[in-house]
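Note sheet for the following structure.
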Amino acid sequence: MEEELGKPVAERILPPTEQEVLNEEDVKIKKYLRGEGANLEVLKDKKLKGQLSVIEDLYGKSAKAAAKVEKWLMPSEGGYLEAEGLEKTWRIRQETISHEVDILSRRNQHDIILPALGPYSLDYTLNGRYMAIAGRKGHLALVDMKDLNLIKEFQVKETVRDVVFLHNELFFAAAQKKYPYIYNRDGTELHCLKEHGSVLRLQFLKNHFLLASINKFGQLHYQDVTTGSMAGVFRTGLGRTDVMQVNPFNGVIATGHSGGSVVMWKPTSSSPLVKMLCHQGPVSALAFHPNGHLMATSGCERKIKLWDLRKFEVLQTLPGHAKTLDFSQKGLLACGTGSYVQILGDLAGSQNYTRYMSHSMVKGYQIGKILFRPYEDVLGIGHSMGWSSILVPGSGEPNFDTWVANPFETSKQRREKEVRSLLDKLPPETIALNPSKIGTVMAVKKKEKKTKKEREAEEESAIDAAKNITMKKKTKGRNKPTKREKKKREIIDKSKKPFLQEQIKEEEELSRKRPRSSEEVELPKSLQRFARKKTAT
């Protein structure tokens, strides 16, 4: 009775719950193993067999450790909408999703209608807990999205074009009619940044503590919010634009222009890092993938293009127009135009984006900005009649790292994180297209040419060293003075030889580079009478 129905006795004795746990662990361990193990029985070399068995044991231990870490530190798994049979995911409506999700997730679906103060722009903090909203008619508000509590709202009584959080929820910047202003959480005005002028778009570089803005004259400004100093002021030279986005991977700012070009900038260079012709018409929106290697652009010729920034090549061209674009933490791409939102997804991981979800708003609403909320399956939409929030399953990162962003952080944790981030602040010089080059070993420089004096000094020292060589005393007949003198001369000539060869090489190079004299150049007969004649000596 060792086996029954093809199952071992040990497997039947274990309770089903424990067996399921073991199977789950095996699956996770297989995920982290480096392929199939080596077949050690075939090997005849005992030494090689022993070395490979030690390596295989190490691989197994590391895979088990990684599986344990995933079990305890990454308990949640992200999931997408799954269709059955002929059903399509983009036909599933928000009402259907709200019936299937829990109460806490259902609270994230809302529609705030304020038609007299729109259109609205919005921004989230890095941990996704707080949201800042700005109405074009001067309405500014700060909302706690966890409890759905209004922290502060006030009216500035002038046009507000954009809003962005600084390093945490205590400070945010608003691009108003004449200048951008910085406010604290209580709505108190802290700074008026007059150097920036009339700003159309704002971006904050979290690792460098730089506030970047582009104004209506096409000027790009970088300001350090810790010291207040201006890190860089440049003229783009490509006209007015309100399309600007920061690459989260390297801190490079990209601007889209009316000529169809996307230009990338850094604060330490007045000339652009990259200038790409992306569209035949004006660029209406652009967005960066969280990994920094993928960029999405939208043009007025009704095309959305996905670019590989490592090769600067088009990966995919999709039909459609988008006034605003945004990538989620898990790589979903949201496109908004008019009163329609479409979400594209690369569910197979092959960088081939297809339609995943769609959402139609009330007819007449004009979408101004869409933004995914970090660590939540939520998409925020700012439109002409207020702002809305819809559920997008699989868009947010299910497991957060408290050292990076903690949605449940206390005031003490926030203070500690602020101090730590200020200590880890990167200088503007570290912004580059490839930040991984920083910290690598510098390439060996080519040897610089030595001056004439240095060459002569080296030659003299080599000759002196050759003269001071003590000669060995040899047997009778081979130790004559003439032979010793001859040998000494040979050694001195040998020490001079490399210097002479180097001199000959330099002369040859000079003769190649030297232009031919006018006598050697044969002029045409029609021009020979203008040639300079030699003076008689």
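Worth pointing out:
- Accessible area of the chain divided out per residue, in Å², using a probe of 1.4 angstrom: 63
- Listed residue pairs exceeding 21 Å between alpha carbons, taken from Lys68/Lys425; Lys472/Lys497; Lys177/Lys266; Lys146/Lys412; Lys30/Lys68: Lys68/Lys425; Lys472/Lys497; Lys177/Lys266
- Accessible area (Å², 1.4 Å probe, nearest 10) - Phe234: 20
- Accessible-area value, Met244, 1.4 Å probe, nucleic acids and ligands omitted, Å²: 10
- To the nearest 10, the accessible area of Thr96 is 70 Å² with a 1.4 Å probe.
- A 1.4 Å probe over all protein chains sorts Cys278, Cys300 by accessible area into Cys300, Cys278, starting with the largest.
- Rg over Rh for region 89-437 works out to 0.93, using Cα positions for both radii and the Kirkwood form for Rh.
- Along the axis of the charge dipole computed for the chain (Cβ charges of +1 for Lys and Arg, -1 for Asp and Glu, origin at the Cα centre), the listed residues Val314, Ile214, Thr451 are led at the positive end by Thr451.
- Globularity ratio of region 279-350, using Cα Rg and 2.2 N^0.38 Å: 1.03
- Percent carbon-and-sulfur accessible area, the chain, ignoring ligands, DNA and RNA, probe 1.4 Å: 53
- Counting Lys and Arg as +1 and Asp and Glu as -1 over every other residue whose Cβ lies under 14 Å from the Cβ of Gly259, the net charge comes to +1.
The values are calculated or read from the model by the stated rules, or taken from the named source; none is laboratory data. What you see is a predicted model; the values in this text were computed from it and never measured. Cβ coordinates were reconstructed from backbone atoms using ideal geometry, including for glycine residues, and neighbour counts include every protein chain displayed. Just the protein is used for accessible areas: all its heavy atoms, side chains included, with ligands, DNA and RNA removed. Shrake-Rupley method; radii C 1.70, N 1.55, O 1.52, S 1.80 Å.
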